[in-house]
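Derivation of every value follows stated rules applied to the coordinates shown; laboratory data play no part. In this text, all values refer to a predicted model and were calculated from it rather than measured experimentally. Neighbour counts run over all protein chains shown; Cβ positions are idealised from the backbone, glycine included.
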Amino acid sequence: MSIKIEEVITPGKPKAFTVGQRTEAVSIGNLDPVYGSLFENPVTASVSTINADGKPQVTPNWCEHDGTHVILNSVRGRRKDRNLRARPDVTIMLLNPQNPYHWISIYGQVVEVIEEDDPKRGHLATESIDRLAKKYLNTTPYPLRDPEGEVRVLYKVRPVRIQTFGAP
């Protein structure tokens, strides 16, 4: 399995805003560091899922990757959770907050869902949200839990196609 990577040509160059070089990668961990940095820094992703009526739903989301999958984390029962379970196709975009012409879009599918209350693997969802809290809030454990209780859910997204654009 390989991931298709398409570089969009940057402004000011011939055929700007068209797809330039096409390459393939074995895993998301093999990304050029120019784009991998968008995962390493606390860049909030825009995550697009599909509602039951077929319309897109976009939400901000913290994310990370494990070298193979993009890792998302949410709460069981939210619309994003319901959408990802029913329709696993997802698009994830990380846009550099200092330069909107430096971004990466990942088209993929949810291939695994791990609920926090799973007795064998639930700790992975808890550990994920705690890592994300450290990355995005510089604190751990995750401090923004609903006081009424919530079950965190980890989603593993297998990238199918990636588009990249620009540089920092």
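Overall, segment 17-168 carries a charge dipole of about 320 debye about its Cα centre when +1 sits on the Cβ of Lys and Arg and -1 on the Cβ of Asp and Glu, all other atoms neutral. Length gained on full extension, Val58 to Thr139, computed as 0.36 nm times the residue gap minus the Cα-Cα distance: 26.5 nm.
Under a Gaussian network description of the chain, with springs only between Cα atoms under 10 Å, the residue in Arg145, Arg131, Arg85 that fluctuates furthest is Arg145.
With both residues required to sit in segment 3-165, DSSP beta bridges show an antiparallel share near 90%.
Look at the dipole of segment 3-165 built from charges on Cβ: of Pro88, Val43, Asn61, the Cα furthest out on the positive end belongs to Pro88. If you sort the three axes of the alpha carbon gyration tensor as a ≥ b ≥ c, you get a/c of 1.5 or more for segment 47-123 and a/b no higher than b/c, which makes it oblate. Each distinct pair of alpha carbons in the chain adds a 1/r term; the inverse of their mean, the Kirkwood radius, is 16.7 Å.
Maximal additional length on extending the Asp146-Val75 stretch stands at 24.6 nm, based on 0.36 nm per residue less the C-alpha distance.
Axis angle, to the nearest 10 degrees, between helix 122-137 and the longest C-alpha principal axis of the chain: 60 degrees.
Across segment 3-165, Cα pairs under 8 Å and at least six residues apart give a relative contact order of 27 percent.
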